[in-house]
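Can you keep this structure in mind? I'll have questions shortly.
The values are calculated or read from the model by the stated rules, or taken from the named source; none is laboratory data. Remember, predicted model here, so these are calculated numbers, not experimental data. Neighbour counts run over all protein chains shown; Cβ positions are idealised from the backbone, glycine included.
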Amino acid sequence: MRAFPRGLPAVAVAAVLAVTMAACGSTGSSGPGAHASTAAHAGSGFPATIVTPAGTVHVARRPHAIVSLSPVGTEMLYAIGAGSQVKAVSSDSDYPPQAPRTKLNAYEPNIEAIVAEKPDLVIISPGTIPAAKQLAAKLAPFSIPVLDLVTPSGVSGTYTEFDELGQATGHLAQARQEDARIRARLAAIVASVPKPAKPITYYYELDQTYYSITSDTFVGRLLGMLGMKSIADSASGAASSGGYPQLSPEFILKANPDYIILADTICCHQSAATVAKRPGWSSLSAVREGHIIPLNDDIASRWGPRITDLLAAVAAVIRRDGG
């Protein structure tokens with residue numbers, strides 16, 4: 001199940017989630033990079049105090065029973081070597097495959113079920129838990145620290161959150177190693193694609209009701225590293241939706257993007273074939289020239305270690321096309 005970007009305003013999250021669930025039967029911050037987390041300056045000892053955009057978290061001792069209700073948090077924990085400390089993850093935390101998935105529901109968190117796991121740290125993110133602040137408040141009487149992973153506005157925020165998790169779990173050195181690995185991989189991917197003479201335009205589809213992203217979102221900034229620009233930037237409501245406007249078929253057809261990127265291949269079963277069958281879409285240059293990029297929904301919606309996979313997938317198609 002996808003984790004909707006937390007930069008998406010609550011009203012837009014509700015709207016996108018509603019249409020996605022109905023259509024598919026599935027699935028604000030200024031950015032953590034703008035904040036100075038103590039994880040960037042402190043050692044890995046405990047007690048640890050982590051300052052995040054969502055608030056300050058106090059972890060008394062190295063956690064040994066972590067409950068992750070955040071799919072992206074689960075991926076990050078394993079990436080920094082904290083997997084052995086993870087006791088339980090939510091039902092939608094499907095990666096890595098060895099993560100101990102349970103019936104814990106991130107969308108409707110059950111306090112009793114969470115407490116029953118006897119966690120010494122809970123990881124959440126508002127993209128999967130709309131009532132994130134309320135959940136943290138309900139767990140406070142049980143002295144369970146809650147680390148809230150705010151959707152970053154850019155890649156630098158991902159590095160910040162790795163450091164926050166590293167400090168909270170006692171894996172700060174490994175977190176910084178992961179930061180370095182991602183930086184190097186992203187740089188290599190960007191270097192593999194010739195710099196375009198003009199921006200490469202794209203339509204990024206979140207679901208088949210045409211919700212999309214602008215260039216100012218996390219994924220938009222990631223794609224911007226390849227010289228790409230979203231057609232949604234000029235859409236009505238682009239700003240008021242927090243960068244996640246709902247477009248119309250007419251708008252997309254008129255914009256005629258260079259590429260169509262599908263982030264709804266699993267939830268909504270979309271593909272190059274289904275796109276080509278949409279009324280009028282066969283006239284789009286992206287359809288005629290085979291410039292349709294299908295992505296795994298989860299990779300396309302999480303800002304953790306697999307952002308390199310997302311960028312690599314897009315870059316590979318651009319290289320193939322000689323872009």
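All but one of (1) closer than 14 Å to residue 149 by Cβ; (2) modelled with pLDDT of 50 or more hold for residue 29; which doesn't?
Every listed condition holds for residue 29 apart from (2).
Right, another one. Restricting the search to the range 154-207, which residues are over 20 Å from residue 312 (Cα atoms), surrounded by 18 or more Cβ atoms within 10 Å (Cβ to Cβ) and of a type outside the set (D, E, K, R)?
Result: 160, 162, 165, 166, 167, 168, 169, 170, 171, 172, 174, 175.
Additional query: Among the strands (runs of 3 or more DSSP E) confined wholly to the range 184-267, which include 1 or more residues that are among the β-branched types (Val, Ile, Thr) and touching a Leu at 6+ places or on another chain (Cβ under 8 Å)?
Per the criteria, 200-205, 259-262.
In addition: Just need a number here: residues in the range 58-92 that are surrounded by 21 or more Cβ atoms within 10 Å (Cβ to Cβ) and touching an Asp or Glu at 6+ places or on another chain (Cβ under 8 Å).
Summing the residues that are surrounded by 21 or more Cβ atoms within 10 Å (Cβ to Cβ) and touching an Asp or Glu at 6+ places or on another chain (Cβ under 8 Å) in the range 58-92 gives 8.
Let me ask you something else. Can you tell me how many residues within the range 37-49 are buried (at least 18 other Cβ atoms within 10 Å of the Cβ) and either assigned to a loop (DSSP other than H, G, I, E, B) or at pLDDT 95 or above (or both)?
2
Could you grab the pairs with beta carbons closer than 9 Å, sequence gap of 6+ or different chains, first residue in the range 221-240 and on the phi > 0 side of the Ramachandran plot, second one of a type in the set (S, T, N, Q) and outside any helix (DSSP H, G or I)?
237/246
For residue 157, indicate whether it is within 26 Å of residue 184 (Cβ to Cβ) and over 18 Å from the mean Cα position of the chain (by Cα).
No.
Return a yes/no flag: does the range 276-293 have any residue that is surrounded by 18 or more Cβ atoms within 10 Å (Cβ to Cβ), closer than 27 Å to residue 156 by Cα and not charged (D, E, K, R).
There is at least one residue in the range 276-293 that is surrounded by 18 or more Cβ atoms within 10 Å (Cβ to Cβ), closer than 27 Å to residue 156 by Cα and not charged (D, E, K, R).
I'd like the residue in the range 93-131 that is surrounded by fewer than 15 Cβ atoms within 10 Å (Cβ to Cβ) and of a type in the set (Asp, Glu) and, out of all such residues, is modelled with the highest pLDDT.
The extreme case among them is 112.
Show the residue pairs meeting these rules: Cβ distance below 8 Å; 6+ apart or different chains; first residue within the range 283-296 and farther than 20 Å from residue 319 by Cβ and in the same structural domain as residue 268 (by TED's automatic domain parsing); second residue among the polar types (S, T, N, Q) and assigned to a loop (DSSP other than H, G, I, E, B).
The qualifying pairs are 284/256.
Name the pairs: first residue in the range 264-281 and on the phi > 0 side of the Ramachandran plot, second residue hydrophobic (A, V, I, L, M, F, W, C), Cβ to Cβ under 8 Å, at least 6 apart or on different chains?
Listed pairs, sorted by first residue: 269/24; 280/253.
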